[in-house]
Structure formats: structure tokens, C-alpha cells
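The values are calculated or read from the model by the stated rules, or taken from the named source; none is laboratory data. The shown structure was predicted, so the numbers you read here are calculated from the model rather than taken from an experiment. Glycine gets a Cβ as well: all are built from the backbone with ideal geometry, and neighbour counts include every protein chain shown. Side chains are part of the model used for accessible areas, which takes the heavy atoms of the whole protein and leaves out ligands, DNA and RNA. Shrake-Rupley method; radii C 1.70, N 1.55, O 1.52, S 1.80 Å.
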Amino acid sequence: MIVYFSGTGNSRYCAEFLADQLGDELLDSRNYIKHQIAAELISGKPWVFVAPTYAWQIPQVFADFIRTGEFKGDDRAWFCLTCGSEIGAASEMLIKLCEEVGLRYMGVVPVEMPNNYLFGNVPEKAEAVEIIRAARPVLARAAEWIAAGKAFPQASLSAADRLKSRLIAPLFAKYAAQPKKFRVSDACVSCGKCEEACPLGNIRLENGRPVWGERCAQCLACIGVCRKQAINYGKSTAGKRRYFCDLHHKETER
């Protein structure tokens with residue numbers, strides 16, 4: 001079973017690709033996370049967990065989803081982490097996570113996708129399309145390894161990798177994953193898509209305008225679904241073009 005968490009679409013795309021290649025069932029974890037439901041799942045096929053990389057780690061909300069759930073049947077677990085460039089030492093946390101829940105860790109494959117973390121360098125549309133096209137062979141090879149029951153080849157970890165994942169990731173979770181800086185402009189049409197998209201149920205409409213609560217995963221799903229580009233995070237995202245993945249995908253199919 002392919003189980004995924006996705007904020008703006010990168011990981012959803014990869015999960016759908018793997019499900020198609022493997023002829024496997026696809027499950028979005030969002031409903032479980034949003035309503036704080038402990039998953040009770042069973043699969044006769046291997047578990048494949050797909051998620052973005054947040055500060056060189058698996059998103060904490062997705063890790064908690066796995067940690068509190070039951071995944072019965074096949075005990076093998078492969079991971080696919082989408083990233084802008086690399087995943088640091090995320091594998092260390094994934095190994096521990098599998099030990100906690102009784103799954104057999106079969107490795108992680110990093111898949112470079114368009115950087116949609118708007119505080120960094122967001123690619124223009126043409127570049128984003130090429131990045132997605134380049135990711136497909138990586139995903140196809142990953143599917144071949146999974147189908148053959150082989151563990152992913154693992155790269156050696158450097159001191160810098162461990163520094164990023166062990167020290168920066170906790171700081172990101174504590175200080176960066178905050179909802180206080182979200183802003184909405186007059187371009188808002190009160191469609192409610194941001195409220196629906198938030199995986200933590202952290203957004204509600206008040207007088208037709210989104211208001212953020214205290215929980216935030218920094219997944220940027222709210223920005224990603226806003227076709228009016230009415231939502232910004234502080235001043236750093238204002239005016240940036242947002243070629244999120246669901247738009248890229250349409251381009252790649254032409």
C-alpha cells in the first residue's frame with residue numbers, strides 16, 4: 001500500500017506514480033491527521049510511505065501518523081522523500097520510527113522535485129517541468145526495487161547531513177512552523193479551499209476570510225490551493241509566482 005502525506009502536491013504526484021507502477025492501492029493520510037484518527041491498516045503488499053522533506057527530516061505530523069497507527073500484513077517499509085536538493089540524515093529517524101512500530105526498514109529514496117518552499121528559490125515553470133520529468137526515471141527505478149523486494153541502496157551520511165537533520169530540524173519544528181505570519185490579501189474570494197486543504201484543521205473562515213489557529217506543519221497547502229495567490233507568509237512570499245505541482249503536472253502531459 002502506498003501511503004502519503006502531501007502539502008502542495010509534490011509527494012502526491014510521486015505516490016500516484018508509484019501506485020501506478022506497482023499496481024498498488026493509494027491512501028492519503030490527510031484525513032487521519034486532520035481528525036486525529038489512529039490508522040488501523042492492513043496490506044498484503046509492502047508499505048511505501050511518501051512524504052516531503054521538512055528541514056532534512058520527515059514531517060513530524062506524518063511521523064506521528066505512522067507512530068500512532070497500526071500497519072499489519074507485510075512488515076516491509078520503503079520510504080520516498082521528496083526534496084528540493086537532498087534529505088540529510090533523514091534515514092536515521094526513519095530507521096528508529098520503523099523499530100518503534102514493528103516495521104522492517106527497507107531504505108529511503110530521495111526524489112528531487114520543484115522547490116515550492118517559498119522562502120527559497122522557486123523555479124520558473126519551464127524549469128519545474130524539467131525537474132518533474134527528471135524525477136520519473138528515479139521513481140521508476142524505485143518501483144523496480146520495491147517490486148523485486150530489494151532494499152534501496154543507501155548513501156553514506158556525512159557530519160553535515162547529521163547536523164542538518166539532528167539540529168536544524170528540531171529548530172524548524174519549534175520556531176519556523178508557526179502560523180502567525182500568514183496573511184491574506186483583498187484578492188481572497190472566500191472560497192474556503194485553504195480551510196479544506198489544511199491537514200491539521202488549523203484554518204477556519206471568519207466573515208469569509210481565513211484565520212489561522214495555533215497548529216501548523218508549514219506544509220504550505222493553504223498557499224498551494226489558493227489560485228488567486230491571496231495568501232502570503234510574512235513578506236517573503238509576496239509577489240512570488242507559485243508554480244505548484246498540480247500546475248506542473250498539466251504541463252508535463254502536453
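Assess whether TYR105 counts as being more than 21 Å from LEU220 (Cα to Cα) and either modelled with pLDDT under 95 or touching a helix residue (DSSP H, G or I) at 6+ places or on another chain (Cβ under 7 Å) (or both). The answer is yes for TYR105.
Would you say ALA159 is more than 28 Å from LEU18 (Cα to Cα), of a type in the set (A, V, I, L, M) and over 19 Å from the mean Cα position of the chain (by Cα)? For ALA159, the condition - more than 28 Å from LEU18 (Cα to Cα), of a type in the set (A, V, I, L, M) and over 19 Å from the mean Cα position of the chain (by Cα) - is met. Can LYS34 be described as at pLDDT 95 or above, over 21 Å from VAL138 (Cα atoms) and among the basic types (Lys, Arg)? For LYS34, the condition - at pLDDT 95 or above, over 21 Å from VAL138 (Cα atoms) and among the basic types (Lys, Arg) - is not met. Picking from residues in region 173-205 that are in a helix (DSSP H, G or I) and either polar (S, T, N, Q) or in contact (Cβ under 8 Å) with a residue 60 or more places away in the chain (or both), the one that is farthest from GLN57 (Cα to Cα) is ALA176. Taken as a whole, the structure leaves SER165 outside the set of residues that are of a type in the set (S, T, N, Q), out of contact with any strand residue (DSSP E or B) (no Cβ under 6 Å at 6 or more places or on another chain) and open to solvent by 40 Å² or more (accessible area, probe 1.4 Å).
Taken together, the residues in region 84-109 that are in a loop (DSSP other than H, G, I, E, B) and closer than 15 Å to PHE62 by Cβ amount to 2. Apart from one condition, PRO170 fits all of (1) without any contact (Cβ under 8 Å) to a residue 12 or more places away in the chain; (2) more than 26 Å from ALA77 (Cβ to Cβ); the exception is (2). Within region 95-112, can one find any residue that is within 18 Å of the chain's Cα centre (by Cα), among the small types (Gly, Ala, Ser) and open to solvent by 60 Å² or more (accessible area, probe 1.4 Å)? There is no residue in region 95-112 that is within 18 Å of the chain's Cα centre (by Cα), among the small types (Gly, Ala, Ser) and open to solvent by 60 Å² or more (accessible area, probe 1.4 Å).
Taking the listed residues ALA160, ALA140, ALA134, the one that is part of a helix (DSSP H, G or I), open to solvent by 30 Å² or more (accessible area, probe 1.4 Å) and modelled with pLDDT of 90 or more is ALA134, with no other qualifying.
Of the residues that make up region 44-53, is at least one surrounded by 17 or more Cβ atoms within 10 Å (Cβ to Cβ), over 11 Å from the mean Cα position of the chain (by Cα), hydrophobic (A, V, I, L, M, F, W, C) and modelled with pLDDT of 95 or more? Within region 44-53, one or more residues are surrounded by 17 or more Cβ atoms within 10 Å (Cβ to Cβ), over 11 Å from the mean Cα position of the chain (by Cα), hydrophobic (A, V, I, L, M, F, W, C) and modelled with pLDDT of 95 or more. Listed by first and then second residue, the pairs linking a residue in region 208-219 that is free of Cβ contacts under 8 Å to residues at least 60 places away in the same chain to a residue that is of a type in the set (Phe, Trp, Tyr), with Cβ atoms under 6 Å apart and 6 or more places separating them unless they lie on different chains, are TRP212/PHE182. Output the residues belonging to region 66-98 that are basic (Lys, Arg), closer than 20 Å to ILE146 by Cα and free of Cβ contacts under 8 Å to residues at least 60 places away in the same chain. Matches in region 66-98: LYS72 only.
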